[in-house]
Amino acid sequence: MSDKRNAATVELLGGKLCLDFVNTVEPRLGDHRSDYLASYADLVRWARHTGALSEDEAQRLLLEAEDKPSEAMAAFERAVALRETVYRVFSTVARGEEPESSDLDALSAAHLEALAHCHFRRTADGFGWARVASEDKLESPLWSVALSATGLLTSGELERVKECPQEETDCGWLFYDASKNKSRRWCSMASCGSRVKMSRYYARKHSGGSRGDREDRR
């Protein structure tokens, strides 16, 4: 984990906007966690980083936040609450368990709030919900996240939602496995996957074992 990471540079490994939002805490498990969302400005920078906001939208929201600091703080607190709700829902799904009804209710409320500020429009992939362009409300970064979460929950592909395995790493980041045979195991082969493989290598070397490397090729 680089000390230079922040809301505008954190890696986007989730494969879905809502999962990238969850992954603004690193690691999710274990000690010494870093939260890349420390302020409303961080929320806007993250949304710009992901493409959920345009540069013009981001700048207008930052100016609005300067004029209305208490409202911006309230929007930020709602964002953090939504992030943790989405985390609980999808980490539970990734483990093959049933989310709490209270979390589903909270996500449903966020979804309805988002729809009140969106309209149906053609997108690059067909049709989808888009924010009303004239609305620069402080809560607007939350709307795309909420729609992403409910869209994923109703996609019929929940078996592709996975958690970087806590028995091998304290990462705990969530990701959407888009591989053809659903064989992706870690949020990133370059970071978590590499660390796990090196750990296994040294364990085999020091134990004098001769087990094959078939698992490490996945």
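The values are calculated or read from the model by the stated rules, or taken from the named source; none is laboratory data. Predicted model, so just to flag it, every value in this text is computed and none were measured. Backbone-built Cβ (ideal geometry, glycine too); neighbour counts: all protein chains shown.
Kindly evaluate Asp177 against the criterion of being touching a residue at least 12 places away in the same chain (Cβ under 8 Å), farther than 24 Å from Asp42 by Cβ and charged (D, E, K, R). Step through it out loud before you land on a result.
On the way: touching a residue at least 12 places away in the same chain (Cβ under 8 Å): yes; farther than 24 Å from Asp42 by Cβ: yes; charged (D, E, K, R): yes.
Judged against the criteria, Asp177 is a match.
Considering only region 21-30, I want to know if a residue exists there that is farther than 25 Å from Ala94 by Cα, in contact with a Lys or Arg (Cβ under 8 Å, 6 or more places away or on another chain) and outside any loop (DSSP other than H, G, I, E, B). Full working, then the answer.
First pass over region 21-30, keeping only residues farther than 25 Å from Ala94 by Cα: none.
No, that holds for no residue.
Hey, among Thr123, Thr154, Thr85, which residue is free of Cβ contacts under 8 Å to residues at least 40 places away in the same chain, within 26 Å of Ala41 (Cα to Cα) and either in contact with a helix residue (DSSP H, G or I) (Cβ under 6 Å, 6 or more places away or on another chain) or exposed (fewer than 11 other Cβ atoms within 10 Å of the Cβ) (or both)? Break it down into steps so the answer makes sense when it comes.
Numbers: Thr123 fails: within 26 Å of Ala41 (Cα to Cα); Thr154 fails: within 26 Å of Ala41 (Cα to Cα).
Selected residue: Thr85, the only one of Thr123, Thr154, Thr85 that is free of Cβ contacts under 8 Å to residues at least 40 places away in the same chain, within 26 Å of Ala41 (Cα to Cα) and either in contact with a helix residue (DSSP H, G or I) (Cβ under 6 Å, 6 or more places away or on another chain) or exposed (fewer than 11 other Cβ atoms within 10 Å of the Cβ) (or both).
Here are some residues: Arg160, Arg185. Which one is surrounded by 11 or more Cβ atoms within 10 Å (Cβ to Cβ), modelled with pLDDT under 90 and closer than 27 Å to Pro27 by Cα? Even if it seems obvious, please write down each step before you answer.
On the way: Arg160 fails: modelled with pLDDT under 90.
Criteria check complete, one pass: Arg185.
Residue check: is Leu147 assigned to a helix (DSSP H, G or I), free of Cβ contacts under 8 Å to residues at least 40 places away in the same chain and either in the same structural domain as Glu84 (by TED's automatic domain parsing) or closer than 22 Å to Val25 by Cβ (or both)? Steps first, answer last, please.
Values: assigned to a helix (DSSP H, G or I): yes; free of Cβ contacts under 8 Å to residues at least 40 places away in the same chain: yes; either in the same structural domain as Glu84 (by TED's automatic domain parsing) or closer than 22 Å to Val25 by Cβ (or both): yes.
So Leu147 passes the test.
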